[in-house]
Structure formats: C-alpha cells, structure tokens
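Take a look at the structure set out below.
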Amino acid sequence: IMARIYDAIKNQVNHEMIKNAASVLREDDSKVSSAVKAILPSQLAMLFKKCNDKDISELVQDAGRKNLLSYKDQLFDGSGVIDGVNYGERFENALVGSQNSEFPRAIAAETGISHESADRLSNWVAGLTLGYIANRVVKEKQSMSTVMNELSQEKNTIYDDIPARIARVLGITTPKGDNNNTNSSTAAKQPEKKRGMNWIRW
C-alpha cells in the first residue's frame, strides 16, 4: 500500500536536512523542525485552492521532467536552483501569491526563527512538496486530479496541523464537514503539537 501523500512528503525530511537547513539559516535545529512542520500543511492547504491553476500544472510537469525530488538535499542547504530555475520559490509564489510577505512573518512569529529564515525555508519546503507531487504525476503517470483527490482524503489532518495565526494570514478555513472553527480548534491543539516533532524521522 502506497504511503499517504501527506505522510510521504513529511517522511522525505530527515535529520541531516534539518541540520543543514539550521546551519545555513543560523537557527536552532528544533525551531527549524517546528517551522517545517507548520509550513508544509499550510502550503498543502493553499494547493487545494490553486491546484487547477495553469502555473501550478506547468511547474509540476517541468519539475517532474527535471526529477526535482532527487535534489531534496540541495533544496535544504540553500542551493536548490536547478538549471537556473528556483522551483521552490516559484511554487511558493504560485501558492501564496499576494500574501507572500505575511506568510513568512507568521511562520517567524509562530516558531521563533527570523523572518528571513522563514522566507527562505518556506521556499525549500515548497520545492520538496513540488518535487514529490511532480514525481507522482510525471514518473508514476498519475493525473494531477488523481493526486489531489488522494490528498483530499487527508484534508482534516492537514488543516489540523496549521497553526491558527498562519491559517488567518492565508485565509484558510476548515474543510466542509468539519464542525470546528479553524482558529479555535487549532489554538486548542497548539500545546499538544509543540511537545514534539514526532513526524520527522530522525
């Protein structure tokens, strides 16, 4: 059985990648880990909104042809420009758009890393996510809609992992069928989530 997409992307992140990112950014490892944990579900929530955009489709195809996922280590040490293209930055801009300056600011406030570090790290996480999805679409020859339908089964889990202040900045609300308000339900879960980063496979 193939791993669920959200888990599979999270499992791409290993201890060395976190350590390298922290070294490049001059940040604490645990704060970088916490920031990655907040960035990933936030970007996936935006992907639900933007997955049919032409820019996203073109990026997925191009990243798949370049096998972006195979460069994941480079993505997390700040050198993730492949053939002159910064895929992570382009994907991040396509997802977050006009909210781009507020998103890293919210990440910084939530996790304690600097605004500049949050900005750079969000591009690296975006590159990793793009690489994984592009791999599924191009290498495994699945349609984008198939991948997104599979990802949508994890929607509640993804949204639950988004810190409240970041959800507000991105205008993210809970999926239909979830009776809880995003902000209140997420805020209630914050203390529990801050106790550990169990999903990162050290």
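In the full protein context, the stretch 18-107 carries 43 Å² of accessible surface per residue, based on a 1.4 Å probe and ignoring ligands, DNA and RNA.
Given +1 at the Cβ of Lys and Arg, -1 at the Cβ of Asp and Glu and no other charges, the dipole of the stretch 1-150 around its Cα centre is 380 debye to the nearest 20. Annotation: D73 carries an accessible surface of approximately 80 Å², with a 1.4 Å probe and no ligand, DNA or RNA atoms counted. Across the cross-link table entries K49/K141; K37/K141; K66/K155; K19/K50; K31/K141, which are compared at the Cα atoms, the separations over 26 Å belong to K37/K141; K66/K155; K19/K50; K31/K141. Carbon-plus-sulfur accessible fraction, the stretch 79-159 (probe radius 1.4 Å, protein heavy atoms only): 42%.
If you roll a 1.4 Å probe over the stretch 3-49 with all protein chains in place, what percent of the accessible area is carbon or sulfur? All intermediate terms of the calculation are to be shown ahead of the outcome.
On the way: 710 of 1690 Å².
On the stretch 3-49, the fraction of accessible area on carbon and sulfur atoms equals 42 percent.
Would you work out if the stretch 108-164 is rounded, prolate or oblate? Take a ≥ b ≥ c from the square roots of the eigenvalues of the alpha-carbon gyration tensor; rounded if a/c is under 1.5, else prolate when a/b is larger than b/c, oblate otherwise. Before the final figure, lay out each step's value.
Details: a/c = 5.11, a/b = 1.64, b/c = 3.12.
Oblate, since a/c reaches 1.5 and b/c is not below a/b.
Tell me the net charge near A22. Cut-off is 10 Å between Cβ atoms, A22 excluded, with +1 for each Lys or Arg and -1 for each Asp or Glu. Combined, the nearby Lys, Arg, Asp and Glu give 0.
Note on K19 and D55: their simple-model spin labels are 3.7 nm apart, each label 7 Å out from Cα toward Cβ. Compared with the rule-of-thumb size 2.2 N^0.38 Å for a compact globular protein, the stretch 1-105 has a Cα radius of gyration ratio of 1.09. Computed over neighbours whose Cβ is under 12 Å from that of I82, the net charge equals +1, Lys and Arg +1, Asp and Glu -1. Here the simple spin-label model places points 7 Å from the Cα toward Cβ, and for N11 and E140 these points are separated by 1.1 nm.
The stretch 133-152 and the stretch 67-130 have Cα centres lying 21 Å from one another.
The values are calculated or read from the model by the stated rules, or taken from the named source; none is laboratory data. What you see is a predicted model; the values in this text were computed from it and never measured. Cβ atoms come from the backbone with ideal geometry, glycine included; neighbour counts cover every protein chain shown. Surface accessibility is based on the protein's heavy atoms, side chains included, excluding ligands, DNA and RNA. Shrake-Rupley method; radii C 1.70, N 1.55, O 1.52, S 1.80 Å.
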